[in-house]
1. Where the centre of each part is set by its Cα atoms, how far does segment 255-273 sit from segment 132-170, in angstrom?
2. Using the Cα gyration tensor of segment 59-216, with a ≥ b ≥ c the square roots of its eigenvalues, what is the shape: rounded (a/c below 1.5), prolate (a/b larger than b/c) or oblate (neither)?
3. What is the Cα radius of gyration of segment 192-334 over 2.2 N^0.38 Å, N being its residue count?
4. Taking the full set of protein chains and a 1.4 angstrom probe, give the accessible area of Asp135 in square angstrom, rounded to the nearest 10.
5. For a test of the definition: using alpha carbon positions, the gyration tensor, and the 1.5 limit on a/c, classify segment 267-338 as rounded, prolate or oblate.
6. Keeping the other protein chains in place, figure out the carbon and sulfur percent of the accessible area of the chain, with a 1.4 Å probe.
7. Would you mind working out the magnitude of the charge dipole of the chain relative to its Cα centre, with +1 at each Lys and Arg C-beta and -1 at each Asp and Glu C-beta, to the nearest 20 Debye?
8. Using 0.36 nm per residue, how much length does the chain from Arg77 to Arg60 gain when fully extended, once their Cα-Cα distance is taken away?
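The values are calculated or read from the model by the stated rules, or taken from the named source; none is laboratory data. Small disclaimer: the values here were computed from a predicted structure and weren't measured. Here the Cβ positions follow ideal geometry from the backbone for every residue, glycine too, while neighbour counts run over all protein chains shown. Side chains included, ligands, DNA and RNA excluded: accessible areas come from the protein's heavy atoms. Shrake-Rupley method; radii C 1.70, N 1.55, O 1.52, S 1.80 Å.
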Amino acid sequence: MLSVFCSPSRYTQGPNATVSLGEEIVKLGLEGPALIIAGKSAISLLSEVWQSSLRAAGLRYSVFQFGGECSSSEIERAKTAARQSETRIVIGAGGGKVLDTARAVAADLKLPVVNCPTVASSDAPCSALSVVYTDEGVFHEYRIYGRNPDLVLVDTEVIARSPARLLVAGMGDALATWFEAKVCSDSNVRNMRGGASTRSALALAELCYKTLLADGVDALQALQSHTVTPALDRLVEANTLLSGLGFESSGLAAAHAIHNGLTAAAETHSFFHGEKVAFGVLVQLMLESKAPEVVEQVLDFSTSVGLPVTFSDIGLAAPGPEALEQIARRATAKGETIHNEPFPVTAEIVIDALREADEAGEDWKRRHRRTMSI
Ligand SMILES: [Zn+2]
């Protein structure tokens, strides 16, 4: 098997990076008209900057307001808008689902794509795939494309104004990267691009984990005061670039499959991708019977930034055997990344690992409640 490493053609990050959007597109030799697929808040926050930046670069554009879910029907709706405006470049601006939709539209229409995340809530912006859900929000499929985005542009001033919970969710997604990448590399399984992992991808995944541990808490505080500090800047890069390159060029394992399993429980729908992934990391550690120090480090980190560590933290109050079985069956479906683990994974052992993860989280909370009350 050949080793394959993929990345966007260009990654641009910094305060007020949106001002340079038009210039950055022109530097890549791309031409309009552009279709900007954007969420409501991105439109109200950025439309004036888009106008001045894209006009100055001589790019015509129109805006398509995103309907809220990255589903097949929403992708088709956006494709119709792109055809009507004779679009030659697709720009996604908003959260993960907006960008997933923009990549799907661009891939179907064979157009270049620019991703401008307005939150650092997942590692999707740099990837060449979309996670597609049903209109009801249940995980449906991964769509994998031939090319990564042409440009990923991250405006840290915009991120600094995003809700804290979304930055934390991004940390949850990034928390999985090192653990899943290591499994895939050790097992020598195919990464998301169909090749073996590289030392480069694994090193980026490890740097991602180290950056979370070092900067997670400080970055969260910076975001809460809407300030772009060096810690927030590094953390945004970890959530977006390091995690994105790490997962795609090394691969996914149990944590993301558990996430997909959790989407089968309606109670978890109000929780973000990264929040469910963070609980999935704990489940993966249980499946792998990881050393207590490793579990403790993850529990310390997750609780320090407010990521879920128990069933009740992700909306599942005392789930019964049927609910757990439904989650485990979905997580172990044929083709799921949980089968990248170096041992056979059945629904039965996933049910046990789900319970153990919840117990470990509850135990952490009990111990620290006691410490706090002393
Ligand atoms: Zn993810």
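1. Computed from Cα coordinates, the inter-centre distance equals 16 Å.
2. On the way: a/c = 1.87, a/b = 1.45, b/c = 1.28.
Note, shape of segment 59-216 comes out prolate.
3. Working: Rg = 16.0 Å, N = 143, 2.2 N^0.38 = 14.5 Å.
That works out to 1.10 for segment 192-334.
4. 100 Å²
5. Values: a/c = 1.76, a/b = 1.24, b/c = 1.42.
It is oblate, given that a/c is not under 1.5 and a/b is not larger than b/c.
6. Details: 7840 of 15090 Å².
Carbon and sulfur together cover 52 percent of it.
7. The dipole magnitude comes to about 860 debye.
8. On the way: separation 17, 0.36 × 17 = 6.12 nm, distance 2.07 nm.
Here the answer is 4.1 nm.
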